[in-house]
Amino acid sequence: MGLKTIQFKDVYDSDEEDILNDFYIPALSNSTEYKRLAGYFSSSALAVAARGISGFIKNNGRMKLVVGAKLKKDDVEAIRKGMEDRDRVIAEMMIEILDNIESEFVRDHVRALAWMVANNKLEIKVAIPLSAGKIADGFGTYHSKVGILSDDDDPKNTISFSGSVNESKMGWRYNIEEFKVFRSWIKVQNAYLKADLVTFEKYWNGDPKRAIVMDIPTAVRKKLIEFAPETFDELLLERHYPPPKKVLWKHQSEAIKTWVDNDYRGIFAMATGTGKTLAALSASGLPGPAMVTVILVPTIPLLEQWGKKDILSYDKNADIIMCGGKHRWKTVLPLKLAVVRKQRENYSPERRLYVVATMRTASSKGFLLAWGGIPSNNVQLICDEVHHLGAPTYQGCTEINSTRRLGLSATPDRDWDDEGTQKTVDNFGKTVSTYTIEEAIRDGHLSPYKYFPHFSFLTMDEWEEFEEKSHEIGKEAARINAKEKIPPKDQPFAYKTHKLERLLRERAIIKKKARDKTRAVQETLPHIHTFPIIIFCEDHEQLDRIKRIIKNSVYRFLVYYSGKPGKKMSTLQRSKTLDRFRKGDADFLLAMRCLDEGLDVPKCQGCIIVASANSTRQFIQRRGRILRGFKGKTAFLHDIVVLPPKAIKGRGSAAETLIRQECTRIGNLAGAAENEWAVRDKIRRELKPYGLGHMADF
């Protein structure tokens, strides 16, 4: 411990630094003596004097505080004429201020100083300004601002700071302020440090020429002691402090800069697990007008994660309204927004307001009506998994009038939906930053991984159904292309009818539910030696079959799914299950239609993808679930690949369609894997009997 251990800067500027966490907290935590000239007496001035003081108190630190008394003209006249006692007038003024503290932030910090007074750790004196040798009214306010900190090292180290630190809570939290720091162990700064010491001692010893200095009135001391808690631990001051700002990675900082340069609009296309959330919250905290931050999410689990974890880890003092699921927002949100609407350009809340809403809720009439009349300068919109807003169902969300807009997605383009992708761009702007999984692994932000394809085969019944659907799809696509006169380069699915979409969906389900996948999973289990892992399943039938295999193999497992009423886990059940999995209570987590987007499970060692979709987004997001982690981790991804029955041969058939679909996924997943070339060789050998070995050149 000791002040000399801290790398102080010569000048601190709140436009560049987090003054509280970069200077105040470390300085006080390494000090045992604190001398402070704190401007005129106010509850906010006392609160500022107590900022970061927890560590100082734990050091058994002692403090001397000089505050000014700003008297009213009538009181000054009464004192001058001998009609009022000076001490009594000052005491009444100070007690009135203490009696009218409304802010919880200020009250808790005043209570901290009160605890120090009650335990003889703090002495307070009052400076009354003079004008022409007489007590001054409000115009001659004492306004010195100097702080001096010392430690118990031998020799003792001392620093002083002085400058434009406003003695108000707003000054320390929101205003752009600057002050200089002088250190006793730096020779060229000694003269400035000594000048600050002389200034303080002059006031403390009652020697200033333009002020009267007196001990704090006994009545005020008693009033302060009434505020004091029995123990300092009761205060929990840290709840009022934002955590130290996390150091952004280079790609996050560059993304934010590009977003700003694009007039505060755009999309971050960052690989899953590479810090989209922190980048977005950091962008939302940039200087500018006071804003309500609206965060849109596609699912209830993501609503809970943003509202109960992500925002609070960034802004401990956040005021959060959660809209969706069972959260009651219909009364609270309009009341909060009424304040924004009324204050408009003067809106400057003590706690930043975040509104986290599911896209379904944010598209509702009641939600959208609440935002009427609020200037766009007071609102910024962040959308997690922004690709969802390309769907017509959710585009109502974008009606919220907001100046700043930021979209987040690992894969912002919508598969087979150019119109929906363009809608997203129209509402949020272009992709301003891309950070790939290969770059993230290279930079050490994600774990490296190995990819292992395992093969299952359609039965002849399944194959005949797949072939029949492929034939119907071909006929419908040809009809559409001829009718719409779509050129060959834009075929086969430049335009989709409801019938074509239904046929594509029905064919995809045949592959997802292939019965032989259960055997492939059973043969995969002996190759798994590190736990826990996730198994992605398609439906309850598939999940139950795999569950029986795992149970017979004497593994511990949990299930995690959404679904229709009657077969649906509640939000609370899913939350508890995920917590147990994170704590290591199971070897396997069997997930169905969940965990594709956004949820953190960093200790997960790998996964088995059983229900593989043609959607690029889905398998990329499932891979992302396992790559968050820790130093030294190498994740593994087992993928159940579906092939035609072994008896099927020939190009130009449905076999080629199926194999091409699977190779597209394999190519994406193997491309960033450590064992890419071994995978290519394995796939080439497996496809050779079909006469399609060349498809391994993905």
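Give Glu201, Glu178 a once-over and let me know the one that is assigned by TED's automatic domain parsing to the domain that holds Met94, acidic (Asp, Glu), surrounded by fewer than 20 Cβ atoms within 10 Å (Cβ to Cβ) and modelled with pLDDT of 90 or more.
Exactly one of Glu201, Glu178 is assigned by TED's automatic domain parsing to the domain that holds Met94, acidic (Asp, Glu), surrounded by fewer than 20 Cβ atoms within 10 Å (Cβ to Cβ) and modelled with pLDDT of 90 or more, namely Glu201.
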- Flagged in region 245-261 as modelled with pLDDT of 95 or more and among the small types (Gly, Ala, Ser), in numbering order, are Ala255
- Item | Subset of region 674-698 (residues that are at pLDDT 90 or above, loosely packed, with under 14 Cβ neighbours inside 10 Å and within 19 Å of Ala647 (Cα to Cα)) | Arg685, Lys688
- Residues that are within 39 Å of the chain's Cα centre (by Cα): find the helices (runs of 4 or more DSSP H) completely inside region 183-277 holding 1 or more of those. 218-227, 250-261
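Can you name the residue in region 47-70 that is assigned to a strand (DSSP E or B) and crowded, with 22+ Cβ neighbours inside 10 Å and, of all such residues, is modelled with the lowest pLDDT?
Initial filter on region 47-70 (assigned to a strand (DSSP E or B)): 62-68.
Remaining after also requiring crowded, with 22+ Cβ neighbours inside 10 Å: 63, 65-68.
Values: Met63: 96, Leu65: 93, Val66: 91, Val67: 87, Gly68: 82.
Within region 47-70, the match that is modelled with the lowest pLDDT is Gly68.
When you check Arg515 against the structure, is it farther than 30 Å from His327 by Cβ, at pLDDT 85 or above and not in a helix (DSSP H, G or I), yes or no? Reasoning before the result, please.
Working: farther than 30 Å from His327 by Cβ: yes; at pLDDT 85 or above: yes; not in a helix (DSSP H, G or I): yes.
Yes: the conditions hold for Arg515.
One line per residue, one yes/no per condition, for (1) surrounded by 14 or more Cβ atoms within 10 Å (Cβ to Cβ); (2) polar (S, T, N, Q):
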| position | (1), (2) |
| --- | --- |
| Asn205 | no, yes |
| Pro208 | yes, no |
| Ile216 | yes, no |
| Glu226 | no, no |
| Asp233 | no, no |
| Lys250 | no, no |
| Ala255 | yes, no |
- Message: Which condition from (1) part of a loop (DSSP other than H, G, I, E, B); (2) under 31 Å from the mean Cα position of the chain (by Cα); (3) modelled with pLDDT under 90 is the one that Ser575 breaks?
- Response: (1)
- Message: Which of the numbered conditions does Glu438 fail, given that it passes all the others? Conditions: (1) surrounded by fewer than 19 Cβ atoms within 10 Å (Cβ to Cβ); (2) without any contact (Cβ under 8 Å) to a residue 40 or more places away in the chain.
- Response: (2)
- Determine whether Cys397 is of a type in the set (A, V, I, L, M, F, W, C), crowded, with 21+ Cβ neighbours inside 10 Å and assigned to a helix (DSSP H, G or I). yes
- Message: Looking at region 430-473 only, could you name the residues that are within 37 Å of the chain's Cα centre (by Cα) and β-branched (Val, Ile, Thr)?
- Response: Thr431, Val432, Thr434, Thr436, Ile437, Ile441
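Yes or no, residue by residue, for (1) more than 37 Å from the chain's Cα centre (by Cα); (2) modelled with pLDDT of 90 or more; (3) among the acidic types (Asp, Glu); (4) not assigned by TED's automatic domain parsing to the domain that holds Arg622:
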{"position": "Lys496", "(1), (2), (3), (4)": "yes, no, no, yes"}
{"position": "Leu500", "(1), (2), (3), (4)": "yes, no, no, yes"}
{"position": "Arg507", "(1), (2), (3), (4)": "yes, yes, no, yes"}
{"position": "Ala520", "(1), (2), (3), (4)": "yes, yes, no, no"}
{"position": "Glu523", "(1), (2), (3), (4)": "yes, yes, yes, no"}
{"position": "Ile534", "(1), (2), (3), (4)": "no, yes, no, no"}
{"position": "Leu543", "(1), (2), (3), (4)": "no, yes, no, no"}
{"position": "Lys547", "(1), (2), (3), (4)": "no, yes, no, no"}
{"position": "Ile550", "(1), (2), (3), (4)": "no, yes, no, no"}
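Regarding region 140-162, can at least one residue be identified that is part of a helix (DSSP H, G or I), crowded, with 20+ Cβ neighbours inside 10 Å, of a type outside the set (Phe, Trp, Tyr) and at pLDDT below 90?
Checked region 140-162: at least one residue is part of a helix (DSSP H, G or I), crowded, with 20+ Cβ neighbours inside 10 Å, of a type outside the set (Phe, Trp, Tyr) and at pLDDT below 90.
Yes/no matrix, rows are residues, columns are (1) in contact with a strand residue (DSSP E or B) (Cβ under 7 Å, 6 or more places away or on another chain); (2) of a type in the set (Asp, Glu); (3) modelled with pLDDT under 95:
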residue	(1), (2), (3)
Asn346	no, no, yes
Glu350	no, yes, yes
Ala357	yes, no, no
Gly373	no, no, yes
His388	no, no, yes
Ala391	no, no, yes
- Note on the structure: Scanning region 308-338 residue by residue, those part of a helix (DSSP H, G or I), charged (D, E, K, R) and exposed (fewer than 15 other Cβ atoms within 10 Å of the Cβ) turn out to be Lys308, Lys309
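Condition check ((1) assigned to a helix (DSSP H, G or I); (2) in the same structural domain as Ser282 (by TED's automatic domain parsing); (3) of a type in the set (Asp, Glu)) across all residues:
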position	(1), (2), (3)
Cys383	no, yes, no
Leu389	yes, yes, no
Ser402	no, yes, no
Arg405	no, yes, no
Arg414	no, yes, no
Glu419	yes, yes, yes
Val432	no, yes, no
- Hey, can you tell me all the residues within region 674-694 that are closer than 30 Å to Tyr435 by Cβ and assigned to a loop (DSSP other than H, G, I, E, B)? Glu674, Asn675
- What do you reckon, is Arg111 at pLDDT below 90, surrounded by 17 or more Cβ atoms within 10 Å (Cβ to Cβ), basic (Lys, Arg) and in contact with a helix residue (DSSP H, G or I) (Cβ under 8 Å, 6 or more places away or on another chain)? no
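The values are calculated or read from the model by the stated rules, or taken from the named source; none is laboratory data. Bear in mind the structure is a predicted one, so any value in this text is a computation, not a measurement. Here the Cβ is made from the backbone with ideal geometry for all residues, glycine too, and neighbour counts use every protein chain on show.
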